[in-house]
Amino acid sequence: MFPNKYKKIYQLIKKYDRIVIARHVGADPDALGSQLALRDIIKATFPNKEVYAVGYPASRFSFLGRLDKMQEEYYENSLLIVVDLPDQKRIDGVDPTKFSYRIKIDHHPYIETFCDYEWIDDQASSTSQMIMELVFHTKLKMTNTAAECLYLGLVSDTNRFLFAYTTPKTFDLVSRLIKETGIDFTSLYENLYLRPLKEIKFQGYISNHLTVTEHGFAYIKITEDILKEYDVDPATAGNMVNNFNYINEVIAWGVFTYDKNRSLIRGSLRSRGPIINEVATHFNGGGHIYASGVRLKDFDEVDQLVEEVNEVCKNYKEQL
């Protein structure tokens, strides 16, 4: 017998002839990888089903695969599977209330219930890890294409297995994935990490202009003019946050970038100890305890967030 959660999800997938897979806005490799992989896996297992992976494309990660354009008729008698998303407000491209049934598969700390069945494992390294687990405990068929997406999603969310929520279970699942599919995982890194020279120069700008508070919070504000100067977009700036993990004087850090298309400030926060997701929830955001995102109205609100995170860093140091 399958453990209940795996069996429940498998039976629901088996039941519906039309399935839509969605994820959060501002897609990253884990969200896209788990979404596209699950589409491929379901199609391989049930060739006659309609399966769509929807949402706004992310050109930076287009190598992971092509997304489908959501159509109104896809709502009718359909199953929605939401991956890598704890709260309804950040879902990309669909109205979850219009589906016949909704499943959530997510590795973030719980925020709210908005699906009929929710599998949440905030100890999992990534949603990609959870999809591996689902496949290995059911009759779903893993494909090489899906395996590559899942590997890249997991590697990205763990920062190449560096983060604390990389567990023996993570390595066991990745090992089985490689053994059973034979994917050439080393060749996959180039797509994930190869960058144009302008991004390297932009990274240098960030390094040279970081502000570090007295309690070890490093941050930078990226204006529209700076983005234009280096010819990069807000998503590129946000992705830079993982490049500053190991600075002696810094225990938490953030990149705050003006997004002209959305008329807001996009913020990415990381930490090597202080718990930051509680602060993120105060600023229209959330995420993991050491990795969170926020959406801010303006740079004045960034200053308020900096004060709160700096206080968290101070309290953390005092408890060491």
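The values are calculated or read from the model by the stated rules, or taken from the named source; none is laboratory data. The model shown is predicted, which means the values in this text are computed figures rather than measured ones. Cβ placement follows ideal geometry from the backbone for every residue including glycine, while neighbour counts extend to all protein chains displayed.
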State all residues of the range 1-18 that are at pLDDT 95 or above and either within 15 Å of Thr138 (Cβ to Cβ) or touching a Pro at 6+ places or on another chain (Cβ under 9 Å) (or both); if no residue qualifies, say none.
-> Lys5, Tyr6, Lys7, Lys8, Ile9, Tyr10, Gln11, Leu12, Ile13, Lys14, Lys15
Go through the range 58-91 residue by residue and tally those that are surrounded by fewer than 20 Cβ atoms within 10 Å (Cβ to Cβ) and touching a His at 6+ places or on another chain (Cβ under 6 Å).
-> 1
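Mind checking whether some residue in the range 123-131 is closer than 19 Å to Ser62 by Cβ and at pLDDT 95 or above?
Yes, there is a match, as at least one residue in the range 123-131 is closer than 19 Å to Ser62 by Cβ and at pLDDT 95 or above.
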Within the range 237-270, track down each residue that is among the small types (Gly, Ala, Ser), more than 13 Å from Val306 (Cα to Cα) and not in a helix (DSSP H, G or I).
-> Ser263
Of the candidates Arg176, Arg195, the one satisfying the condition of being over 22 Å from Asn245 (Cβ atoms) and either charged (D, E, K, R) or in contact with a Lys or Arg (Cβ under 6 Å, 6 or more places away or on another chain) (or both) is Arg176
Of all residues in the range 194-211, which are touching a strand residue (DSSP E or B) at 6+ places or on another chain (Cβ under 9 Å) and touching a residue at least 40 places away in the same chain (Cβ under 8 Å)?
-> Ile206, Leu210
In the range 226-236, residue nearest to Leu264 (Cα to Cα) [restricted to those that are assigned to a helix (DSSP H, G or I) and at pLDDT 90 or above] = Pro234
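This table checks each residue for (1) modelled with pLDDT of 95 or more; (2) in contact with a Lys or Arg (Cβ under 6 Å, 6 or more places away or on another chain); (3) of a type outside the set (A, V, I, L, M).
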{"position": "Ser187", "(1), (2), (3)": "yes, no, yes"}
{"position": "Leu210", "(1), (2), (3)": "yes, no, no"}
{"position": "Tyr219", "(1), (2), (3)": "yes, no, yes"}
{"position": "Glu224", "(1), (2), (3)": "yes, yes, yes"}
{"position": "Asn243", "(1), (2), (3)": "no, no, yes"}
{"position": "Val255", "(1), (2), (3)": "yes, no, no"}
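Taking the stated definitions as given, is Lys7 surrounded by fewer than 15 Cβ atoms within 10 Å (Cβ to Cβ), closer than 19 Å to Ile120 by Cα and out of contact with any Leu (no Cβ under 7 Å at 6 or more places or on another chain)? Let's see the steps before the verdict.
Values: surrounded by fewer than 15 Cβ atoms within 10 Å (Cβ to Cβ): yes; closer than 19 Å to Ile120 by Cα: yes; out of contact with any Leu (no Cβ under 7 Å at 6 or more places or on another chain): yes.
Taking the combined requirement at face value, the residue satisfies it.
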Residues (more than 21 Å from Tyr75 (Cβ to Cβ), in contact with a helix residue (DSSP H, G or I) (Cβ under 8 Å, 6 or more places away or on another chain), at pLDDT 95 or above and not in a helix (DSSP H, G or I)) located in the range 35-61 = none
Contacts under 8 angstrom Cβ, first residue in the range 248-268 being closer than 21 Å to Thr213 by Cα, partner loosely packed, with under 12 Cβ neighbours inside 10 Å, 6 or more apart = Ile265/Asp298
Just name the residue that is modelled with the highest pLDDT out of those in the range 156-183 that are within 21 Å of Gly273 (Cα to Cα) and among the aliphatic types (A, V, I, L, M).
-> Leu162
Within the range 136-149, identify whether any single residue is closer than 30 Å to Asn248 by Cβ, of a type outside the set (Gly, Ala, Ser) and more than 17 Å from the chain's Cα centre (by Cα), and answer yes or no.
-> no
